[in-house]
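See below for the structure under consideration.
The values are calculated or read from the model by the stated rules, or taken from the named source; none is laboratory data. Here the structure is a predicted model, which means the values were calculated and not measured. So basically every Cβ, Gly included, is an ideal-geometry build from the backbone, and we count neighbours across all protein chains shown. Side chains included, ligands, DNA and RNA excluded: accessible areas come from the protein's heavy atoms. Shrake-Rupley method; radii C 1.70, N 1.55, O 1.52, S 1.80 Å.
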Amino acid sequence: MNRLIALASLTLAAGVGGVAVTAAPAPSLLGAPPVYLEVKDWVLACDNTRVCFAKYDVADDANAGGGYLSLARDPGPAGGLVVSLEATADGAVPDPRTLTLDGQPLPANPAWKIDANAQTATLDGAAAPAFVHAIANGKTLAYSDGQTTTTVSLNGMTAALLAMDQDQGRLDGVTALARPGAKPASAVPAALPVPTLHAAPAAKPLAGAAAFAAEVRKVQAVLLRQHDCEADTTQDDKAAALNDQDAIVLLGCVQGAYQASVMTFRAPRTAPQKAVQLIMPIQPTMKPSDFPPGSSGEYVAEDGWDAKTATFVESAKGRGMADCGQSTEWVFDGAQFHVDGFSRLDRCGGGPPGDWPTLYRTTISSVK
């Protein structure tokens, strides 16, 4: 996890009184507890509505970039499954007719759908679980784009799908992927609704925002030095209204090779010198020990505060190609921040940029 916060210099802040105020160590979750699991060469992510996504993502980075196979499944008795293949080379389209399992050709299946624009081949409907069952006991899946052969390890797939079945309530049932049985589809729990959170954008803009941010930088100089913030990042300084009483301030900290970081504060709109830190709620499936010692709540950020929607967004690439990383959105309800969206993929396996599975989702309603 340390690679996701290599800059380790974003402290999201709020509250007043001159000392840091730490939020609860875990967010108030709505819906089912999200699941993030890495098992051998596979990763599983199930969100708070029980939508699940499993993908091949090799455990050894030295072997990364070999291929891409993913399985996405909706919850509920009729929850559909989609199997996706992607070729290794840019611009190449996988040919499902070349599929082999442990070196042996698989029967041709006309149900595969080719999307040349997306450079993928997908399988859905009844053919999708049938395909998964057919390869479940194999070790290696391979396919070609006409020039290059892509190889996918199946080591860990069954364990990931067993956890998926468990999270969606499919174990020992006719819809299970890893451990089917006699239980009818009607025994599978219904899909959970997407929960709603409230956003409260400030009614009045902050006057003199640039001067306000400059004053906060001045009074927080010691803290900025403690976080090894660079002196030439003032171009990233911003301030905006948080509500009728307080402002939020973003101070540039580090400009990295492929992403920047900021430190964020909250202060009374009439007293920038009273700005203090608040550690944002930790994202679902994360815990303080996932961060370097003493830095839980310090995040790499590329985006920032959106006053119109009262949301703060951060995006932390694991590396420049963005095949791994995490992104979070927090919404401000007029008093405090809540996690309203989170995606995470720790392994850098060479998959599509930004293809990080969703672990937490909500819908937002604005408070007028």
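Remarks
- A straight chain from SER186 to THR148 at 0.36 nm per residue would run longer than the Cα-Cα distance by 9.3 nm.
- Cα convex hull volume per residue for the range 210-280 (Å³): 90 Å³
- Cα-Cα pairs of the range 317-368 separated by more than 16 Å (percent): 48 percent
- Share of pairwise Cα separations in the range 81-202, more than 26 Å, in percent: 34 percent
- Column: log10 I(q)/I(0), Debye, Cα scatterers of the range 205-363, q = 0.17 Å⁻¹: -1.06
- In the chain, the alpha-carbon atoms span a convex hull of 144 Å³ per residue.
- Note on the chain: dipole from Cβ charges, positive end direction compared against LEU161, GLN147, PRO96; the farthest Cα belongs to LEU161.
- Rounded accessible area of TYR258 (nearest 10 Å², 1.4 Å probe): 90 Å²
- Using Cβ point charges alone (K and R +1, D and E -1), the dipole size of the chain about the Cα centre works out to roughly 740 debye.
- Applying a threshold of 30 Å to the alpha-carbon distances of LYS55/LYS238; LYS183/LYS287; LYS55/LYS183; LYS113/LYS308; LYS113/LYS287; LYS55/LYS308 flags LYS55/LYS238; LYS183/LYS287; LYS113/LYS308; LYS113/LYS287; LYS55/LYS308 as lying beyond it.
- Expressed as a whole percent, the accessible surface of the range 219-368 that belongs to carbon and sulfur atoms is 50, based on a 1.4 Å probe.
- Candidates ALA190, ALA54, ALA239: whichever shows maximal mean-square fluctuation once the chain is modelled as a Gaussian network with Cα springs under 10 Å: ALA190
- Using Cβ point charges alone (K and R +1, D and E -1), the dipole size of the range 195-262 about the Cα centre works out to roughly 100 debye.
- What the chain shows is 43 Å² of accessible area per residue, with the surface traced by a 1.4 Å probe over protein heavy atoms.
- Anisotropy class of the range 37-126 from Cα gyration tensor, a/c 1.5 cut: oblate
- Candidate aspartates and glutamates - alpha carbon under 19 Å from LYS274, same-chain residues fewer than 8 apart omitted: GLU215, ASP237, ASP244, ASP246
- Charge dipole (Cα centre; +1 on Lys/Arg Cβ, -1 on Asp/Glu Cβ; no other charges) of the range 318-363 amounts to roughly 160 debye.
- Dimensionless Rg ratio for the range 171-232, taking C-alpha atoms and the 2.2 N^0.38 Å reference: 2.58
- Highest average first, the peptides 218-225, 181-188 ordered by how many other beta carbon atoms sit within 10 Å of their residues are 218-225, 181-188.
- Share, in percent, of DSSP beta bridges within the chain that are antiparallel, nearest 5: 90 percent
- Volume per residue of the convex hull around the Cα atoms, evaluated for the range 199-251, comes out as 89 Å³.
- Which of VAL222, CYS324, TYR258, positive extreme of dipole for the chain (C-beta unit charges): VAL222
- Debye-sum result for the range 133-251 in log10 I(q)/I(0), which assumes one identical scatterer on each alpha carbon, at q = 0.18 Å⁻¹: -0.97
- Database remark: amide H of ASP57 closer than 5 angstrom to the amide H of TRP42, VAL43 (H placed geometrically; neighbours at sequence offset of 5 or more, or on other chains; Pro and chain starts carry no H).
- Within the range 244-284, backbone nitrogen closer than 14 Å to the virtual label 7 Å beyond the Cα of ALA231 toward Cβ: none
- 5 angstrom amide H check on LEU242, placed H, neighbours 5+ away: ALA247, ILE248
- Considering helices alone, the calculated mean residue ellipticity of the chain at 222 nm is -3000 deg cm²/dmol, with DSSP H runs of length four and up weighted by -39500 (n - 2.57) and normalised per residue.
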